[in-house]
1. Give the cross-link partners of Lys421 among the lysines, using a straight C-alpha distance below 21 Å as the criterion and excluding same-chain residues fewer than 8 apart.
2. I need the semi-axes of the equivalent ellipsoid of segment 12-102: take the C-alpha gyration tensor, multiply each eigenvalue by 5, square-root it, list largest first in whole angstrom.
3. How big is segment 277-407 by the Kirkwood estimate over distinct Cα pairs, in Å?
4. If Rh is defined by the Kirkwood formula over all Cα pairs and Rg also comes from Cα, what ratio Rg/Rh do you get for the chain?
5. So what is the relative contact order for the chain, in percent, with contacts set as C-alpha pairs under 8 Å and at least six apart?
6. Work out which chymotrypsin sites (Phe, Trp or Tyr not before Pro) in the chain are exposed loop sites (DSSP not H, G, I, E or B, at most 10 other Cβ within 10 Å) and give the longest gap free of them.
7. Compute the accessible area per residue over segment 12-102, keeping the other protein chains in place, probe 1.4 Å, unit Å².
8. Run the simple label-point estimate for Glu287 and Ala410 please: 7 Å along Cα→C-beta, distance reported in nm.
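The values are calculated or read from the model by the stated rules, or taken from the named source; none is laboratory data. None of the values given here were measured: they were computed from a predicted structure. As a convention, Cβ positions derive from the backbone with ideal geometry for all residues, glycine included, and neighbour counts pool all protein chains shown. Surface areas here come from the heavy atoms of the whole protein model, side chains and all, with no ligands, DNA or RNA. Shrake-Rupley method; radii C 1.70, N 1.55, O 1.52, S 1.80 Å.
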Amino acid sequence: MWGGRFSAEPAEIMQAINVSIGVDRRLWAQDLAGSRAHCRMLAAQGIVSAADAAAILGGLDAIEAEMRDGSFPFRDRFEDIHMNVEARLAELIGEPSGRLHTARSRNDQVAVDFRLWVRGACDRTVAQLEGLQRALLARAEQHAGDLMPGFTHLQTAQPVTLGHHLMAYVEMFGRDAGRFADARARMNESPLGAAALAGSPFPIDRHMTAAELGFDRPMANSLDAVSDRDFALESLAAASICAGHLSRLAEEIVVWMTPMFGFASLPDDLTTGSSIMPQKRNPDAAELVRAKAGRIMGSLVALSTVMKGLPLAYSKDMQEDKPPVFEAFDALELALGAMTAMVAALRPDTARMAAAAGAGFSTATDLADWLVRELNLPFRQAHHVTGAAVKRAEALGVDLAQLPLEELQALHSGVTEAVYKVLTPEASVASRTSFGGTAPEQVRARIADWKGRLAEGTPE
């Protein structure tokens, strides 16, 4: 493609390090879309003739058919997807093919292809997140009133409901969807027409190509257009945060499935066994979702490192932008699919969860709140009295609800029999009626709210 300047073929090692068709061949649909838009614009502006444009568009249609049926001849000697398509177009239609690259460079070509691909990946991810949210909502609705222990530091803290716990992840994944939507909005500008770096002397219409490709506008600076990879970095950042949320939920599934917790199980088709221990049921899907987070976060670090010292405008380093992005979104797609399946199939042991909800003196805060509310104690004093009550109950080997009244009155004379109404996990949960609290009525209200948002298409 640059034979006029060079008299020798690339050395074998140069070819090996330079070729990218094994990676960027998956951009074929975006490359054809960009080429069609560019061709139609060239014809509309009178830069190429209608006959040449028709031949080019017909050739691109033929190439798409080959791509779809698997007969397209990908060749390493043409280096990347752009040159593979251009070479094949020349074979199919001859001389008119050479006119397609008028007022265009591979620099703006790859920038638009890659931006289109990442935009589509963000859309697909938001759709998957909505599916996961719906699975979580369905389970939360089933268990809006079922008790479980809430933890801080993985120590029993206060009773909550399983529905409330699951709804926390609905909120997290909603923020994830919002981040992908925000990234999409910012990336929705077209670099096509920036050419190599300085724009074009031809009377091109960048607004026309931007509109045809679904962009809001063309990018306003040609240097920025070909050198920007913020859209990929921002999408990877959103993917990394989302992967972190998936990993947290996966970790909880792993913990819940241990015999020591026994809070939940997964069916056979979402677990694996052991080659030597026949009793094992391993939550490997959850563990692999947890591991995918490392690969996705690593992709963000990799691309950030590639981009951190590059001067304007395009450098060949940027050929390395696609592997981490493709790998991250492939991993995220798989992780979201696996997590959605696990959430839908998870079998909580609600009786065991409820029993654990009252363990570890989990209603201690309810006792302190009662002392403040009924006896008008300052909270710090109520906290001290409650701590002493926990210490006494621990010494006697009983729960707070089983601590004799005289023991409580020895700690504060104002305590009455009425205190026992707040010392059960059921009472504790029912009392948390503040907005966003764990009371079943609040959980159901949040479920209804999220159902409405998803129905309206506003998952974030």
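1. Lys421 reaches Lys391.
2. In descending order the semi-axes read 24, 14, 11 Å.
3. Roughly 20.5 Å, rounded to one decimal.
4. Here the Rg-to-Rh quotient is 1.15.
5. 17 percent
6. 7-434
7. 44 Å²
8. Modelled inter-label distance: 4.9 nm.
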